[in-house]
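Trainee: Provided herewith is a single structure, encoded as structure tokens, for subsequent inquiry.
The values are calculated or read from the model by the stated rules, or taken from the named source; none is laboratory data. Being a predicted model, the structure only gives us computed values, none of them experimental. Because the Cβ atoms are built from the backbone with ideal geometry, glycine has one as well, and the counts that use them run over all protein chains shown.
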Amino acid sequence: MNCVNSVTEVKLPFLNSLLLAFTGWLVLTLIFCRPLTKGTRRFYYFGIPFLILGVLMFVPLGMGVPIILCWIIYLPYQILQFFSTRQERIFKNLLPLSVNTLALLLSLTLIFVTTAWANTTPELIKSLGGISPFYPATVHQQITRLSQRGPEVVTPLSDTLAANFERYEQVSAYPTARMAYCLREIGGPQAEATLQDIIEHRMKFKDSSSAKWEAAICCLYAECAGERAVPVLTDLLNQAERSQNHFQKQVALIALARTRDQAAIETVLNHVPFLQEDLQADLTSRWSAAMISLTLQALAEGQASQDLIQSPVYHRLMLGLRPELKSESGIVWNQKWDGDLDPESLKTHWSAILNRKD
């Protein structure tokens, strides 16, 4: 039984367990504790319809929270009632006391155990794949919690990615891109090596179902490795030109722009006509066109090297990756940007910016 959605489950990992405990309490009180008290009967009036709706998957978000909260308050109240009972009725109330005490202890134990379990690295990694992309704040909350653990989570992330690629012919885009984003946030040689391995050995650029995570990982690798990513991405570009794979060439150029390397920027500027042609093509998807537009806008309007990686190319991918980024130059990002570029003057412009950075 799952009466909560993935976002509520991430924020309140104990809720499903408490709902099961609540169900057990309803059954036990019905069997052993009759006649039912007025409070217990009220929980039946609200609890049973709620549980039925939960099984039918009609209960949205955290509708179970108020019921569970009231129940947790009600249990100690019932236990305290026992001590105010007249002496001759104590024995009669021992069974309800036992049921309520057991339910309360079990509930408190479940809260602590499930919360601790949900905060372990394997469970945090597992949760990345279950959150809807329509809740990017929750996605980034989990990514931040993982990234803050530093290099110690790089190996579990890398192993999970490798296991997914071995286990599934078509990996899910959500966990793949989000784990790669964690690696990008943490950085370091092992994180770079993992992303590079995915690009070199796991990407085919032939299946539309993989296109979004392939584009995301290429960009994340470029941001993570910087100029060290240029040879890999240049090789990707050369392969695309040999095989005439438009999408692969497009992704390689977008990723090269995010390396903030002068030679890579010049390569991208040399291919501006190709990108502009793809931008106008009828067969270019909206998310792909948005990535091209934002990349060209960053090249045309950027005044700092950070502008190249702060263009929100991940937003339109609908993978739940929507980092809160603000351009240092005050650029107002436009996913439909289609301005004119002068590649030669932009080469001089970016050469000055990148040399100043050095």
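Trainee: Which helices (runs of 4 or more DSSP H) does region 204-317 wholly contain that include 2 or more residues that are of a type in the set (Ser, Thr, Tyr)?
Mentor: Working: elements: 211-225, 230-243, 246-257, 262-270, 272-280, 286-301, 307-310.
Result: 230-243, 286-301.
Trainee: A further question on this structure: Can you work out which of the residues in region 170-213 that are over 16 Å from the mean Cα position of the chain (by Cα) and charged (D, E, K, R) is surrounded by the most Cβ atoms within 10 Å (Cβ to Cβ)?
Mentor: Glu192
Trainee: Residue by residue through region 310-330, note down the ones that are modelled with pLDDT of 85 or more and more than 21 Å from Glu266 (Cβ to Cβ).
Mentor: Scanning region 310-330 gives Pro312, Tyr314, His315, Arg316, Leu317, Met318, Leu319, Gly320, Leu321.
Trainee: Still on this structure, please answer the following. Which residues, taken from region 54-87, are surrounded by 11 or more Cβ atoms within 10 Å (Cβ to Cβ), modelled with pLDDT under 70 and assigned to a helix (DSSP H, G or I)?
Mentor: Gly54, Val55, Gly64
Trainee: Further question on the same structure: Pick from Leu237, Leu183: which is in contact with an Asp or Glu (Cβ under 9 Å, 6 or more places away or on another chain) and not polar (S, T, N, Q)? Even if it seems obvious, please write down each step before you answer.
Mentor: Numbers: Leu237 fails: in contact with an Asp or Glu (Cβ under 9 Å, 6 or more places away or on another chain).
Going through Leu237, Leu183 in turn, just one is in contact with an Asp or Glu (Cβ under 9 Å, 6 or more places away or on another chain) and not polar (S, T, N, Q): Leu183.
Trainee: For region 143-180, name all the residues that are hydroxyl-bearing (Ser, Thr, Tyr) and closer than 13 Å to Ile198 by Cα. Even if it seems obvious, please write down each step before you answer.
Mentor: Kept after step one, since they are hydroxyl-bearing (Ser, Thr, Tyr), are these residues of region 143-180: 144, 147, 155, 158, 160, 168, 172, 174, 176.
Ser158, Thr160, Thr176, listed by residue number.
Trainee: Report yes if some residue within region 260-272 is in contact with a Lys or Arg (Cβ under 7 Å, 6 or more places away or on another chain), among the aliphatic types (A, V, I, L, M) and more than 19 Å from Lys347 (Cβ to Cβ); otherwise report no.
Mentor: Checked region 260-272: no residue is in contact with a Lys or Arg (Cβ under 7 Å, 6 or more places away or on another chain), among the aliphatic types (A, V, I, L, M) and more than 19 Å from Lys347 (Cβ to Cβ).
Trainee: Right, another one. When the residues of region 272-282 are filtered to those that are over 11 Å from Phe247 (Cα atoms) and hydrophobic (A, V, I, L, M, F, W, C), which remaining residue is nearest to the chain's Cα centre (by Cα)? Steps first, answer last, please.
Mentor: Going through region 272-282, the residues over 11 Å from Phe247 (Cα atoms) turn out to be 272-274, 276-277, 279-282.
Of the ones still in play, those that are also hydrophobic (A, V, I, L, M, F, W, C) are 272, 274, 279, 281.
Values: Val272: 32, Phe274: 32, Leu279: 28, Ala281: 31 Å.
Only one residue fits best here, namely Leu279.
Trainee: Could you please find all residues in region 21-40 being aliphatic (A, V, I, L, M), surrounded by 14 or more Cβ atoms within 10 Å (Cβ to Cβ) and either at positive phi or part of a helix (DSSP H, G or I) (or both)? Please lay out each step first, then the result.
Mentor: Of all residues in region 21-40, those aliphatic (A, V, I, L, M) come to 21, 26-28, 30-31, 36.
Still in the list and also surrounded by 14 or more Cβ atoms within 10 Å (Cβ to Cβ): 21, 26, 28, 36.
Once the filter is applied, which keeps residues that are aliphatic (A, V, I, L, M), surrounded by 14 or more Cβ atoms within 10 Å (Cβ to Cβ) and either at positive phi or part of a helix (DSSP H, G or I) (or both), region 21-40 yields Ala21, Leu26, Leu28.
Trainee: Just a yes or no: is a residue in region 138-149 of a type outside the set (S, T, N, Q) and out of contact with any Leu (no Cβ under 9 Å at 6 or more places or on another chain)?
Mentor: Of all residues in region 138-149, those of a type outside the set (S, T, N, Q) come to 139-140, 143, 145-146, 149.
Imposing the further condition that a residue be out of contact with any Leu (no Cβ under 9 Å at 6 or more places or on another chain) reduces the set to none.
There is no residue in region 138-149 that is of a type outside the set (S, T, N, Q) and out of contact with any Leu (no Cβ under 9 Å at 6 or more places or on another chain).
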